[in-house]
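A.B. asks: Please read through the structure below; I'll follow up with questions.
The values are calculated or read from the model by the stated rules, or taken from the named source; none is laboratory data. Note that this is a predicted model, so its numbers are computed, not measured. As a convention, Cβ positions derive from the backbone with ideal geometry for all residues, glycine included, and neighbour counts pool all protein chains shown.
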Amino acid sequence: MRENTLIKFGVTSLVGVFAFTGSVVAQVDEIIVSAQKRETALVDTPVSVAVVTSKDLEMTEANDLSELQFSVPSVKFTQNQNALNNTVFIRGFGNGTNNPGIEPSVSIVVDGVSRTRNQSALNDLISIEQVEVIRGPQSTLFGRSASAGVVNIKTMLPEDEFGGKVSLTGGNDSHQKISGTVTGPLSDTTSFRLSASRNERDGYLTNTLTGNDVNNRDRYAIRGQILSELSDELTMRIIADYDSLDEVCCGIAQVNSGLIDGALLQAGILAARPPVGSHSGRFGANFDPSSEAEGRGLSAQFDLDIGSATFTSISAYRENDFNASADVDFLPADILIESVDYDFETFTQEFQLKSDDSGDVRWLVGAYYMDEDITNDRSVLFRDTAGIRNVVNTLLAIQGGPNLTQIAGLVGTGAIQQVAALPTEIQAQAGFENPAAPGTGLFVDANGDPVGAIGALTHPAFAPTLAGLVGTFTGTSVDDAWFVAGQGIQDTDFNVNTETIQLYAQIDWDVTENLTIDFSAAYIDDKKTVVTDVDIIDNFSEIPVVLDPATIGLTAIQFFPQFVNYPNATEDGVFTSSDVTTSTKLIYALDDNTNVYASYSTGFKPISVSVSTDPAVYAGQAFDGSRYFAEPEEVTLYEVGFKKQLDNGYINVTAFSQTIENFQSNNFAGTGFNLANAEEQENIGLELDSMIFFSENFFTTLAVQYIDAEFVKHTFGTCDRTRSGDPTDDCAPGERFRDISGTTPASVPDLSFSVSGNYRFDISDSTDALVRLEYFHEAEHQASDTVSEAIAPREVDMINAAINVTNRDNGFSLTLWGRNINDDEFIQAAFNVPGSDAQAVYPAPGAIYGLTIAKEF
């Protein structure tokens, strides 16, 4: 496999070299980006940037950001438990999923406004002009959530002439989509744009217990803009948007069936083994998972020309609501249900003052403020008393331990041992009163002294009483107290307020005609205030089994330990972090169309706080506040680049070494998530982006990323509480972490690339056509940290294709398109099934194809 990877990398590199030597046969428009918060030509921008145009989105029928990854290898999106639970990676760095309190590493910016949570930017793309993937830490200019990079989205501006476009799409799996945009003048100085889309598609998985399709699409979005020249110097842009999602998501596929599945089947708890196979297309859940979301936002941008500089103000307010429910035992047995409801309210204000582009010195200064409120309510409840107890007893039997009734007897005996050692009056107050001598204890000798634990268990006089008490305790514990339907996490009321202030500045100085120095710096200050009110009822988890080496293994069935709320006796719930980030770049122009650069940059991501009960403390253990948060990330990047603008295309090459200290990791541990810091992760890599016209009609695109990633030091790797199949995952009972220093982080393929061939030709004087064939490859790698690559690897070999025919006279176009037309089977993420030794994955969709008819006017 390693040899094949190197061969593929060599072939793609040769293609790039060959493309570079192509003759001049077609003029290519200069690409303009805003990766440095001012418009510059791509060839002059000393940052690694990949650009996706509106035509690219149209030809690949990319409906949302997650589908960009198959054209831009350096960005990656992985789908998890619900429709908006995605992790975004750039250069192999990414987090922020499965816990709304974790700051994302990749900032998604739409028309100059940061979407502070990735969930608020993953709906359908409408009226998009261009998407820029800005690689490497961008904290200095883009703020707190850009430690790995930025996805910068620009939508189409309103125009002062009436026009628009409407498109209808139909495809397999009953895919139906309608989208459109209309623009025009409202007055001599004011114009508008209104865009909307509606997208539906059946699911590609089947829930065998309900018979329904799962992983469908059902979403819509609307976006309105006003652009007005208030005066010769002042312009205003107002944007309002709304989006909604109501989907049955997300289903799983079980990739193997372990000992526990067999035992549950033999015990009659499962009617049949779950379907096995990463792309079996079937899974069993007692009810369908659901995901519902709404988002709404309003922004106002004012640009004031003050002569040699421009002052810009961008104000934005956004609300996002999300609800989800799922059968989180991931078994046909009716055991657990999870319900999630969280809301975001965010206000941001940014001020910029930037010079014009004339002169040898260009500068920019700015200030940014954010106020965000997060509310997270979550419940996880036992669904069926008999079902959960049968599963627990099966788990205990496989481990060779006592069953619940026997455990209850042991607990009862242990409790009596403790009581028998108490002073006589305390015994009586605890309810163990001698009926023959009121006010005295039951377990006392002739002198009225406590008989002690050994005496209570060996004294013949107490035998009938002990037997009766233990029997009563056993019946009460098992029948009325342990693992009862309705117990579990009743409610988690998490409220997190975050205030962030950032001051930043940048200066470009043309030292000579060929040499430019670019320096920028920022101060970022972040403050989080956390207030919680968590209600958990799980009586078995209140037994301090962790204190006895003989019983510590029972923590595996203590599903819902108690949670210490904020504020508490030792923690005030206030978390502050701050840093100064810098970027220094040297740019040298070899000629008017060729630049080389070298840069050193730092990045920062503030403290993340767990908005989850997963850091709960086992009964008998001391409270450990460090489990509730992750320390800030600090990023260091060394990068060199070569950029060449050709008459017939462009080629950009970048080499980098990027290190994150205290990388914030949130990994699934079988029954919950562990939030921790990886002390150091280093990714060293190469990137290549090119587009070359070999003739007036034929051109190619090539994007390559090669990464050597390593946890230089990570002593807080997640221990798995189930048997994952990999001995290195094992930890002693009660432990949470293992040392995985020197290993390769999950979700980081060493090689990924996208290559396309495009041929355009005229059908008639008024009709032209474009044919596109694209191949995307992602080398085999470990999909998730706690499931070994041998069990659930991810490898992608996808072919996309499209044929577009456009009539320039009447504006009609027809596009026949297909994504993953070779029906490649690959997964998005993997996890260990709770309470089982089996593993499951979130499968990616297979072949998607359709026909789009559009009318431009």
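A.B. asks: Quick one: what pairs do we get from the stretch 573-594, first residue over 18 Å from THR140 (Cα atoms), second aromatic (Phe, Trp, Tyr) and surrounded by fewer than 16 Cβ atoms within 10 Å (Cβ to Cβ), C-beta under 8 Å, 6+ apart or different chains?
C.D. replies: Here the result reads THR594/PHE642, each pair linking the stretch 573-594 to a residue that is aromatic (Phe, Trp, Tyr) and surrounded by fewer than 16 Cβ atoms within 10 Å (Cβ to Cβ).
A.B. asks: If you don't mind, there's one more thing I want to ask. Residues that are buried (at least 16 other Cβ atoms within 10 Å of the Cβ) and out of contact with any strand residue (DSSP E or B) (no Cβ under 6 Å at 6 or more places or on another chain), at least 3 per element: which helices (runs of 4 or more DSSP H) completely within the stretch 357-460 meet that?
C.D. replies: So the answer is 385-398, 404-420, 452-458.
A.B. asks: While we're on this one: Here is a check on your reading of the model: is ALA746 crowded, with 17+ Cβ neighbours inside 10 Å, at pLDDT below 95, assigned by TED's automatic domain parsing to the domain that holds ILE827 and assigned to a loop (DSSP other than H, G, I, E, B)?
C.D. replies: It is true that ALA746 is crowded, with 17+ Cβ neighbours inside 10 Å, at pLDDT below 95, assigned by TED's automatic domain parsing to the domain that holds ILE827 and assigned to a loop (DSSP other than H, G, I, E, B).
A.B. asks: If you go through the stretch 642-683 one residue at a time, how many are of a type in the set (D, E, K, R) and not in a strand (DSSP E or B)?
C.D. replies: Residues meeting the conditions: 1.
A.B. asks: Step by step: first the residues of the stretch 599-608, then only those that are part of a strand (DSSP E or B) and of a type outside the set (Lys, Arg), then the one that is modelled with the lowest pLDDT. Which residue is that?
C.D. replies: The qualifying residue modelled with the lowest pLDDT is SER608.
A.B. asks: Right, next: Which residues, counting only those in the stretch 770-796, are over 25 Å from ALA847 (Cβ atoms), β-branched (Val, Ile, Thr) and surrounded by fewer than 22 Cβ atoms within 10 Å (Cβ to Cβ)?
C.D. replies: ILE791
A.B. asks: If you scan the stretch 488-513, which residues turn out to be among the acidic types (Asp, Glu) and buried (at least 17 other Cβ atoms within 10 Å of the Cβ)?
C.D. replies: Selection gives ASP508 alone.
A.B. asks: So, ASP579, is that one modelled with pLDDT of 95 or more and of a type in the set (Asp, Glu) or not?
C.D. replies: When the stated conditions are applied, ASP579 passes them.
A.B. asks: Failed condition for ILE260, given (1) β-branched (Val, Ile, Thr); (2) part of a helix (DSSP H, G or I); (3) at pLDDT 95 or above, with all others met?
C.D. replies: All conditions are met except number (3).
A.B. asks: Right, here's the next one. Only one residue in THR235, THR190, THR206, THR181 is modelled with pLDDT under 95 and among the hydroxyl-bearing types (Ser, Thr, Tyr). Which one?
C.D. replies: THR206
A.B. asks: Every residue in the stretch 16-53 that is surrounded by 15 or more Cβ atoms within 10 Å (Cβ to Cβ), β-branched (Val, Ile, Thr) and either in a helix (DSSP H, G or I) or modelled with pLDDT under 75 (or both), please.
C.D. replies: VAL25, VAL43
A.B. asks: Name the single residue that is nearest to VAL106 (Cα to Cα) among those in the stretch 634-655 being modelled with pLDDT of 95 or more and charged (D, E, K, R).
C.D. replies: Within the stretch 634-655, the match that is nearest to VAL106 (Cα to Cα) is GLU634.
A.B. asks: While we're here: Could you list, in sequence order, the residues of the stretch 769-821 that are outside any strand (DSSP E or B) and under 30 Å from LYS855 (Cα atoms)?
C.D. replies: Answer for the stretch 769-821, where residues must be outside any strand (DSSP E or B) and under 30 Å from LYS855 (Cα atoms): ARG808, ASP809, ASN810, GLY811, ASN820, ILE821.
A.B. asks: Check off (1) more than 24 Å from LYS154 (Cα to Cα); (2) crowded, with 17+ Cβ neighbours inside 10 Å; (3) modelled with pLDDT of 95 or more for GLN254 and give me the number that stays unchecked.
C.D. replies: Condition not satisfied by GLN254: (3).
A.B. asks: May I pose another question? Which residues, taken from the stretch 315-351, are in contact with a Gly (Cβ under 7 Å, 6 or more places away or on another chain), part of a strand (DSSP E or B), buried (at least 21 other Cβ atoms within 10 Å of the Cβ) and not acidic (Asp, Glu)?
C.D. replies: Matches in the stretch 315-351: ALA316, ARG318, ASN320.
A.B. asks: For the stretch 190-227, what are the residues that are surrounded by fewer than 18 Cβ atoms within 10 Å (Cβ to Cβ), of a type in the set (Gly, Ala, Ser) and under 30 Å from PHE302 (Cβ atoms)?
C.D. replies: Across the stretch 190-227, the qualifying residue is only GLY224.
A.B. asks: Evaluate the following for THR516: is it closer than 30 Å to SER583 by Cβ, of a type in the set (Ser, Thr, Tyr) and surrounded by 15 or more Cβ atoms within 10 Å (Cβ to Cβ)?
C.D. replies: Yes.
A.B. asks: Here's a follow-up. Could you list all residues from the stretch 710-738 that are modelled with pLDDT of 90 or more and either more than 23 Å from GLU631 (Cα to Cα) or surrounded by fewer than 17 Cβ atoms within 10 Å (Cβ to Cβ) (or both)?
C.D. replies: Matches in the stretch 710-738: VAL712, LYS713, THR715.
A.B. asks: Mind checking which residues of the stretch 540-574 are farther than 14 Å from VAL617 by Cα and in contact with a Phe, Trp or Tyr (Cβ under 6 Å, 6 or more places away or on another chain)?
C.D. replies: Result: GLY573, single match.
A.B. asks: Out of all the residues in the stretch 113-138, which are closer than 22 Å to ASP373 by Cβ and of a type outside the set (A, V, I, L, M)?
C.D. replies: Correct list: SER114, ARG115, THR116, ARG117, ASN118, GLN119, SER120, ASN123.
A.B. asks: Among the candidates VAL365, VAL411, VAL340, single out the residue that is in contact (Cβ under 8 Å) with a residue 24 or more places away in the chain, under 30 Å from ASP445 (Cβ atoms) and β-branched (Val, Ile, Thr).
C.D. replies: From the options VAL365, VAL411, VAL340, the qualifying one is VAL411.
A.B. asks: Could we say that THR700 is modelled with pLDDT of 95 or more, of a type in the set (Ser, Thr, Tyr) and in contact with a Lys or Arg (Cβ under 9 Å, 6 or more places away or on another chain) here?
C.D. replies: When the stated conditions are applied, THR700 does not pass them.
A.B. asks: OK, next. Would you pick out the residues in the stretch 822-838 that are hydrophobic (A, V, I, L, M, F, W, C) and part of a strand (DSSP E or B)?
C.D. replies: ILE827, ALA829, ALA830, PHE831
A.B. asks: Inside the stretch 842-857, can you point out the residues that are of a type outside the set (Phe, Trp, Tyr) and either assigned to a loop (DSSP other than H, G, I, E, B) or surrounded by fewer than 24 Cβ atoms within 10 Å (Cβ to Cβ) (or both)?
C.D. replies: Of everything in the stretch 842-857, those that are of a type outside the set (Phe, Trp, Tyr) and either assigned to a loop (DSSP other than H, G, I, E, B) or surrounded by fewer than 24 Cβ atoms within 10 Å (Cβ to Cβ) (or both) turn out to be ALA844, PRO845, GLY846, ALA847, ILE848, GLY850, LEU851, THR852, ILE853, ALA854, LYS855, GLU856.
A.B. asks: Further, regarding this structure: Could you pull out every one of the strands (runs of 3 or more DSSP E) wholly within the stretch 189-249 that has 2 or more residues that are among the aliphatic types (A, V, I, L, M) and in contact (Cβ under 8 Å) with a residue 24 or more places away in the chain?
C.D. replies: 190-201, 217-229, 234-247
A.B. asks: Next up: Is it the case that GLN839 is without any contact (Cβ under 8 Å) to a residue 60 or more places away in the chain and crowded, with 19+ Cβ neighbours inside 10 Å?
C.D. replies: No: the conditions fail for GLN839.
A.B. asks: Separate question: Among VAL596, VAL617, VAL611, which is the only one that is modelled with pLDDT of 90 or more and not polar (S, T, N, Q)?
C.D. replies: VAL596
A.B. asks: What pairs come out if I take residues in the stretch 44-59 that are on the phi > 0 side of the Ramachandran plot and pair them with residues that are charged (D, E, K, R) and not in a helix (DSSP H, G or I) whose C-beta lies under 8 Å away, six or more apart or interchain?
C.D. replies: From residues that are on the phi > 0 side of the Ramachandran plot, there are no pairs.
A.B. asks: Can you find a residue that is closer than 26 Å to MET59 by Cα, surrounded by 20 or more Cβ atoms within 10 Å (Cβ to Cβ) and within 25 Å of the chain's Cα centre (by Cα) anywhere in the stretch 138-149?
C.D. replies: Within the stretch 138-149, one or more residues are closer than 26 Å to MET59 by Cα, surrounded by 20 or more Cβ atoms within 10 Å (Cβ to Cβ) and within 25 Å of the chain's Cα centre (by Cα).
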